[in-house]
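Heads up: the structure comes next, in structure tokens.
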Amino acid sequence: MKYEYPACKTVDVTEEWFGTKLPDPYAWLKQAGDPQVLDFVARENAFTDAWFDADRLQAKIARLKEEKLPELFYSLVRFGDGYLATERREGKPFIRIVDADLKPVADFPKIPALEGYDVFAVTPNPADEAVLCIQCQKFGAARPSVAVCHNETWEILGRMDGIFSYCWSKKDGCLYYSSTEDNAKTQESVTSVYRFHPASRETTLVYREPAYAIFGMVSDSEDGSFVTAKICKDYCLAKWVAIDTESGQVQTLTETDVEWEYIDTIDGRHCFITLSEAANGAVIAIDASGERTVLLPESERILEGGFSCGGRLYAFAKQDVSSRLIDIESGAEVALPSDMGALSYVGSGREQVFLHFESFVDAPQLLSFDGRELKAVLRTSGQTHPQIVVEQRFAPSAGDGTPIPYYLVRRKDEKADGRAPALMYGYGGYNGGMPPWYQEMVTMTSIPAWVERGGIYVHCNLRGGNEYGPRWHEAGMRREKRHCFEDFIGIAEQLIADGWTAAGRIGICGCSNGGLLMSALVTMRPDLWGCVIDSVPHTDMIHFAEDDRGPMYVTEYGNPRESEEMFEYLLSYSPYHNVKEVCYPPVYVQTGERDNNVPPYHGKKFAARMQAANQSDSPILLRVLAEGSHDRGRGEVFWRTIAEMQVFLETALMKE
């Protein structure tokens, strides 16, 4: 049947761009608080409510809660004899106090003066644990804040809004933080580093970058002698400075914008991974005179970060996407639980660091590392999946034929007869790699559970990420952005050619930049997909630069106003502008009214235009979360949203 969607008016709005007249019939949906827009959202949500079977949805919610894995800490900070641990519950960060063995002691108390704020992290001042830094965000605010307070009286000593990064200095007991002032209309973006002294409550400007910079990241050295500041010019290149916390002197470490990652400062030498001088990464040390020494030369492994432990340096690396851990002094690899997994830093203990590990068949676990061996200290599940096979394969991009890596996760006895429902995930942007995981992050689908039910899971490592260093990112940004979409299509076509699935049997999902990917894929190749989960997506690539985060995002996508060529390139794939009167597969678009990363008009305009144009009897659903941010909601709203996504997938792909 063809659906009768809620009525949605169109307006006669046409803009001219470089001589091209561009109609925008749903421009009015940009005004989130307008009564007519609110009425449209209410009717769309009611339509989506009615599409789902209430009993099936409630059963799914109950099952999700019953089967969910225990929470695992993703941040640990030393506090007293134990730690402050951050975990995520029902889509929301949660802080608890744990002892030296990571056993819960108490929940971190609510701070009266921060009522209405979500607390993401709590970091004690290493020079005085009576003083805490609280990373938080007022619900609906565009960017996070930090508040410095006493941990007994809860008096707020200082609060700074719009803060991207902060750190305490162990030596002077001051809080260093970065702040960025930008203007979407003028495309100006200025980044500064400040120092806040808790005793005097004074704030001092330490460094201001005169050139365009979209944000800054600060890090304290393990011995507290330096704070390094990464002044980001885009999501890849940055300028680096080092601040001597005793003298306040600022040393410029790079004369040009580079792709470096800070590890630590040892004996006055600043240690970095450089991907500018070495395509796959090398480790260098810079002394006070600026002289450089190579500590670990380039190899076939892609270096991406590191840490110090017991006076030695270690580097995170990727080998064909999967994680490796390298002793920088010897160059030797530390054995991990699996060769196809993901390793990340969680925090430092007194004589060890904590790391997070997971794979497609290994549930998330917390490891301790003392410089000699890795030990599992917390596991979320002891279940094994011997009947599942994980293979890394390569497919030619549908555009230029470049080999694109992907993981195929399937049962050992799965037959290549074209009948298996496939779930595909991709991102491809912002220099962010997508290593293996146990649970798909958008729909929260358990990869082993999906495969054991007869599906296959396909994890796509598209250009635009950093899986193969800077060159991989650069090949999927600005005027190369279409490569991301073509890469994904190439993998899907390869799966079909190999007999693992068939057109119309493929479910695809993504969020944010991955939502742009989903929106572009459904407008480019609607014939391939069995259903689409499109979460918090960018869809209007002509107007995104005018959004609050526009000055940051133009470094990745390009600015449509910079030239006719850039405008035409963005228009060529802008999903909202490429909706046509054709048969579309089932699509579930989800956004949030309080999303300041990607404003909700992107999802609203796209869904409205898709509903008006769709020639098939497949549903185009829009779910707008009234209190939703750049996420899938929180609390019971989170559970319902995840349940809707999973039911939508199963209805389209796993028909009895």
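The values are calculated or read from the model by the stated rules, or taken from the named source; none is laboratory data. Please read these numbers as outputs of a predicted model, since none were measured by experiment. Here Cβ is always computed from backbone atoms with ideal geometry, including for glycine, and neighbour counts include all displayed protein chains. Accessible surface areas use protein heavy atoms only, side chains included; no ligands, DNA or RNA. Shrake-Rupley method; radii C 1.70, N 1.55, O 1.52, S 1.80 Å.
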Contour minus end-to-end for residue 452 and residue 335, with contour as 0.36 nm per residue of separation and end-to-end as the Cα-Cα distance?
39.3 nm
Which of the listed residues, 61, 25, 102, is farthest toward the dipole's positive end in segment 1-114, when Lys, Arg count +1 and Asp, Glu count -1 at the beta-carbon?
102
Given the -39500 (n - 2.57) contribution per DSSP H run of 4+ residues, what per-residue ellipticity at 222 nm results for the chain, rounded to the nearest 500 deg cm²/dmol?
-5500 deg cm²/dmol
Taking a spot 7 Å from the Cα of residue 372 along the direction of its beta carbon, which residues of segment 206-224 have an amide N less than 20 Å from it?
none
Given charges at Cβ of Lys, Arg, Asp, Glu: the chain dipole, positive-most of 139, 149, 294:
139
Quick one: net charge of residue 269's neighbours, Cβ under 12 Å, K/R +1, D/E -1?
-4
Quick one: net charge around residue 338, please, counting Lys, Arg +1 and Asp, Glu -1 for every other residue with C-beta under 10 Å from its C-beta.
-3
Using Cα pairs closer than 8 Å and at least 6 residues apart in sequence, work out the relative contact order for the chain, in percent.
10
Using unit Cβ charges (K, R positive; D, E negative) and no other charged atoms, how large, in debye to the nearest 20, is the dipole of the chain about its Cα centre?
1280
How about segment 1-46: which GluC sites (Glu not before Pro) there lie in a loop by DSSP and see at most 16 other Cβ atoms within 10 Å?
4
Please calculate the 1.4 Å probe accessible area of residue 424, with all protein chains present, and give it to the nearest 10 Å².
0
Mind scanning 2/604; 92/375; 21/605; 103/138; 68/110 and naming the pairs with a C-alpha gap bigger than 24 Å?
92/375; 103/138; 68/110
Heavy-atom accessible area of residue 247, protein chains in place, probe 1.4 angstrom, given in Å² to nearest 10, is 80
Would you please give the FRET efficiency between residue 279 and residue 201, computed as 1/(1 + (r/R0)^6) with r the Cβ-Cβ distance and R0 = 56 Å, to the nearest 0.05?
0.75
Among 389, 427, 401, the residue whose Cα sits farthest towards the positive end of the charge dipole of segment 352-470 (+1 at Cβ of Lys and Arg, -1 at Cβ of Asp and Glu, taken about the Cα centre) is 389
Given 0.36 nm per residue, what is the gain on full extension from residue 94 to residue 63 after removing their alpha carbon distance, in nm?
8.9 nm
What is the sum of charges around residue 563, taking Lys and Arg as +1, Asp and Glu as -1, for the other residues whose C-beta is under 13 Å from the C-beta of residue 563?
-1
Helix 35-51 versus the longest principal axis of the chain: what angle, 0 to 90°, nearest 10, using Cα atoms?
70
Once the Cα atoms of segment 1-134 are picked out, what are the Rg and Dmax in Å?
24.3, 67
